[in-house]
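Every read-out reported here was derived from the displayed coordinates using simple, explicitly stated rules and does not represent laboratory data. Since the model is a prediction, treat every value here as computed from it, not as a measurement. Using ideal geometry, Cβ is built from the backbone for each residue, glycine included, and neighbour counts are taken over all protein chains shown.
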Amino acid sequence: MEIICKSCGKSHKSNEKLEASLKKLEPGQKLRFKCSQCQEPIAVGPEQLGQTMESTKAAGAKSAKGSGVRPPDPPDTSWLQDGEFEEEAVVSDIPQAIVLIEDETIRRKVVDALTSLGYRAETADDIPEALEKMQFFNYSSIVMHTAFNSSDLNENSFHTHMCNMNMSRRRYIFYVLIGDEMKTFYNLQALAYSANLVVNESDTSHFGVILRKAIPEYEELFGPYMEEMKVQGR
């Protein structure tokens, strides 16, 4: 399935996991992610899966017959008979987060904390899966354990990806590192690892409280700057 940004025309290719997520949505719900080029939101619904197949067939038929463009079908007005109108539910306005932690107990604490703060939290089993998801979703928060898929953070290809990410995208991600070697709220250590926050593994039981303190401080400090960069297209 090909997804086109209506703002800038950028084409985004789908994958099996994205299409599987769309199939799980209820009718009327949409999944939204930001365009990698202009950062404007793109809304995708499960109905587009069927439309894509129909469009492909129509294009093939046109090529074979050389006929004119077939106009779209008129809108469905069957709902008028019921006299009810249900507004479209957009679930994708919820900020998304991805959690990269192998320990099930710690992962559950982090996911629960993020969910309680209004995030839609998901997980990845390994680095290749996490990097693939990063191609299609703009996560507001990323939480990773320093031992995720690697005994050394410096050898972790996902962490390298975050460190080398273009700032036009990186500045909108709240990147959290959890580990035994980390000292909670130690900003100098966070700076050294190119993270926004570091948390000691022993403090994950209070992860919700930690985020309630750290995220507002981060937004207060960098919010005006990020808004200005967005206005300037950076």
- prompt: In the neighborhood of ILE178, defined by Cβ-to-Cβ distances under 12 Å, what is the net charge if each Lys or Arg adds +1 and each Asp or Glu adds -1?
  reply: -3
- prompt: Between GLU219 and ASP126, what FRET efficiency comes out of the Förster formula 1/(1 + (r/R0)^6) with R0 = 41 Å and r the beta carbon distance, rounded to 0.05?
  reply: 0.85
Surrounding net charge for SER194, when Lys and Arg each add one and Asp and Glu each subtract one, Cβ distance under 13 Å: +2
message: Under a Cβ-only charge scheme (Lys and Arg +1, Asp and Glu -1), can you give me the dipole magnitude of region 96-231 about the Cα centre, in debye to the nearest 20?
response: 500 debye
³J(HN,Hα) computed for each position of region 111-123 - Karplus, 6.51 cos²θ - 1.76 cosθ + 1.60, integer Hz, glycine/proline x: 4, 4, 5, 5, 4, 5, 8, x, 7, 9, 9, 10, 10
Mean Cβ neighbour count within 10 Å, used as a protection proxy, ranking 20-27, 175-182 highest first: 175-182, 20-27
- prompt: To the nearest Å, what is the center-to-center distance of region 126-148 and region 151-197, using C-alpha atoms only?
  reply: 12 Å
statement: With the charge dipole of region 96-231 built from beta-carbon charges (+1 for Lys and Arg, -1 for Asp and Glu) about the Cα centre, the Cα from ALA147, ASN166, SER205 projecting farthest to the positive end belongs to ASN166
